[in-house]
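J.: First, the structure itself, so that you have it in front of you.
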Amino acid sequence: MQRRLMAWRAGSESINSLILQGGELQRARARQLVRTNPYASNAAASFTAHAVGCGIKPSSLVEDSALKDETQRLWLAWTDEADADGLTDFYGLQAMAARAMFEAGECFLRLRPRRPDDGLTVPLQLQMLSSEHLPLSKCETLPNGNEIIFGIELDRIGRRVAYHFHRTHPGDVRQQRGTDLVRVPAEHVLHVFHPIAEGQIRGVPWVAPAMVRLWLLDQYDDAELDRKKVAAMFAGFV
């Protein structure tokens, strides 16, 4: 057994070091797999359906029936207006967040307070930001002693105090201000990810353990189909 395992090299780096070394490449590969590999795409859809379904719906515990009815009406009205991009509703945002967890390991929701004259039932919307909005390369120590790791600003005792986001997605068609960073206080940001190790700062794609097999399986399927196609052509020629 020991001879067979001589070629197996395992490191002892922390999960944050591993994310720094290959996080961006792993995330890009995971996104490509989910978009182009039918097995990965189906797994992402299945995970989203089982994790969220039709949406997680809260239930008010207010005992006053009139107040409870009014609260429920406001909630239902807000769910239709919750998405700052206007693409979906609150339950659609839940599904997008679950899919982002599977595909990229994390996503961010920014609380966007609105003015009363914006015409919304509740002056608050949620803006969903992808993992790419928060640069992994943003690591530094600030003059006030706070430390920025992977774009997340931590105070002296490790509490999250701010996030340093790109104004636009670095890979988006709107790249005029894509490299600019804006500091957003932590109380305005929801970081959705599943920590799997102590001290973890950023998320890891849930599809990561199956990525190599999915990529090799996709290559095998293509090669097998191409082999069958060539065999059929030869049969026709004969």
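J.: Against the definition (touching a strand residue (DSSP E or B) at 6+ places or on another chain (Cβ under 9 Å), touching a residue at least 60 places away in the same chain (Cβ under 8 Å) and either part of a loop (DSSP other than H, G, I, E, B) or within 30 Å of A44 (Cβ to Cβ) (or both)), how does F108 come out, yes or no?
T.: yes
J.: May I ask you to verify whether K138 is among the basic types (K, R), more than 17 Å from the chain's Cα centre (by Cα) and assigned to a loop (DSSP other than H, G, I, E, B)?
T.: Here the answer is yes, as K138 does meet what is asked.
J.: What single numbered condition from (1) among the β-branched types (V, I, T); (2) more than 26 Å from the chain's Cα centre (by Cα); (3) not in a loop (DSSP other than H, G, I, E, B) fails to hold for V62?
T.: Answer for V62: the failing condition is (3).
J.: If you don't mind, another one. Please specify each residue of the stretch 153-209 satisfying the condition of being β-branched (V, I, T), open to solvent by less than 90 Å² (accessible area, probe 1.4 Å) and either in contact (Cβ under 8 Å) with a residue 24 or more places away in the chain or within 25 Å of R29 (Cβ to Cβ) (or both).
T.: Within the stretch 153-209, V161, T168, V184, V189, V192, I201, V204, V207 qualify.
J.: Considering the stretch 128-162 alone, what residues qualify as being among the small types (G, A, S), over 17 Å from E106 (Cα atoms) and touching a Phe, Trp or Tyr at 6+ places or on another chain (Cβ under 7 Å)?
T.: none
J.: Follow-up question, since we're still on this one. So which of A44, A28, A40 ends up being among the aliphatic types (A, V, I, L, M) and either open to solvent by 50 Å² or more (accessible area, probe 1.4 Å) or over 19 Å from G105 (Cβ atoms) (or both)?
T.: Only one candidate passes the filter, namely A28.
The values are calculated or read from the model by the stated rules, or taken from the named source; none is laboratory data. Predicted model, so just to flag it, every value in this text is computed and none were measured. Methodologically, a virtual Cβ is constructed for each residue, glycine included, from the backbone with ideal geometry; neighbour enumeration extends over all protein chains shown. For the accessible areas, the whole protein counts, side chains as well, though only heavy atoms, and no ligand, DNA or RNA atoms are used. Shrake-Rupley method; radii C 1.70, N 1.55, O 1.52, S 1.80 Å.
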